[in-house]
Amino acid sequence: MAADSWERSVPVIRACLWAIGLSCVVLLGLPGCGQQASDGSPGHDHERISGERAGSAGIEYGQRAEFDNDVTVHVSTPQPFVPSDSAFPDSDAALAFEISVRNEGDTPYRLSQLAVSASADGAPLRELVDPKHGYAGIPAADRDVTAGRSARFTLAFVAPDEAGTATLSVQTTPELPATHYSSSR
C-alpha cells in the first residue's frame with residue numbers, strides 16, 4: 001500500500017520540482033517576470049486610497065491604489081485563458097491578473113508582505129499555478145522592492161463556474177486594509 005501511495009505522488013513531486021525550476025529560470029532570464037522595473041508604474045489613472053479608507057474602497061481594474069506605506073499597486077483587467085494540462089488545480093478556465101507594485105517610499109518594501117486573493121460574487125477563487133503559461137505565484141517574494149522601483153508579475157486564479165464579477169483583493173501589509181479591484185457594474 002505504501003508503494004502505491006508513493007507511485008501516485010511521484011507525478012505531483014515532479015510537477016512541483018518542474019515549477020520550482022521554471023520559477024528560477026523566469027527570475028533569472030526573462031525581463032519583466034519577477035524583476036524590478038526601472039521605469040515606474042504603468043501610465044494609468046491614479047487614485048489615492050488611504051490606508052484608513054482602503055478596506056472599504058473598491059476601485060476599477062486599470063487604476064492604481066496608493067497605500068499609506070507609500071506602496072502603489074496597479075492591477076490589470078483580468079484576462080481569461082485555458083489552463084494547460086500541467087496546471088494545478090485542474091481547471092477548464094482561469095483568469096490572469098498583471099500586478100505592478102511600486103515603492104514610492106524611502107525604505108525597501110518586502111514583497112512577502114503582499115497578500116493577494118480573488119473572489120467571484122463573494123465566493124473565494126483558488127490561485128492557479130500553470131508553469132507552461134508562466135503562472136507560478138508571486139516571484140521573489142523574499143526580495144525587496146527598493147525605493148523608486150517596481151516589481152511586476154502575473155497571478156492566475158481558477159475562473160468561477162458561473163459568470164460573475166471577479167474581485168481581486170490586495171493588501172500591502174497586514175496592518176493596512178485591503179483594496180478591492182473589480183469591474184464597474
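The values are calculated or read from the model by the stated rules, or taken from the named source; none is laboratory data. Fair warning: this is a prediction, and the values are worked out from it, not measured in the lab. Methodologically, a virtual Cβ is constructed for each residue, glycine included, from the backbone with ideal geometry; neighbour enumeration extends over all protein chains shown.
All conditions in (1) farther than 23 Å from E60 by Cα; (2) free of Cβ contacts under 8 Å to residues at least 12 places away in the same chain hold for V129, with the sole exception of (2).
Which pairs do you get when a residue that is touching a residue at least 24 places away in the same chain (Cβ under 8 Å) and at positive phi, found in the range 137-149, comes within reach of a residue that is in a loop (DSSP other than H, G, I, E, B) and basic (K, R), reach meaning Cβ atoms under 6 angstrom, with the pair 6+ apart or on two chains? That search, which allows pairs on different chains as well, returns nothing. Just one of the listed residues (T165, T154) is hydroxyl-bearing (S, T, Y) and at pLDDT 90 or above, and it is T154. Among the residues of the range 155-177, just one is crowded, with 17+ Cβ neighbours inside 10 Å, more than 15 Å from I138 (Cβ to Cβ) and among the polar types (S, T, N, Q), namely T167. When residues in the range 75-113 are screened for being touching a Ser or Thr at 6+ places or on another chain (Cβ under 6 Å), in a loop (DSSP other than H, G, I, E, B) and within 13 Å of L168 (Cβ to Cβ), 0 of them pass. Residues in the range 111-142 that are of a type in the set (D, E, K, R) and at pLDDT below 90 were compared, and the one that is surrounded by the fewest Cβ atoms within 10 Å (Cβ to Cβ) is D142.
Taken across the range 167-175, residues that are assigned to a loop (DSSP other than H, G, I, E, B), touching a strand residue (DSSP E or B) at 6+ places or on another chain (Cβ under 7 Å) and closer than 20 Å to G58 by Cα do occur, with at least one present. Test P89 against the stated conditions and say whether it is within 23 Å of A163 (Cα to Cα) and either within 16 Å of the chain's Cα centre (by Cα) or surrounded by fewer than 13 Cβ atoms within 10 Å (Cβ to Cβ) (or both). In short, yes.
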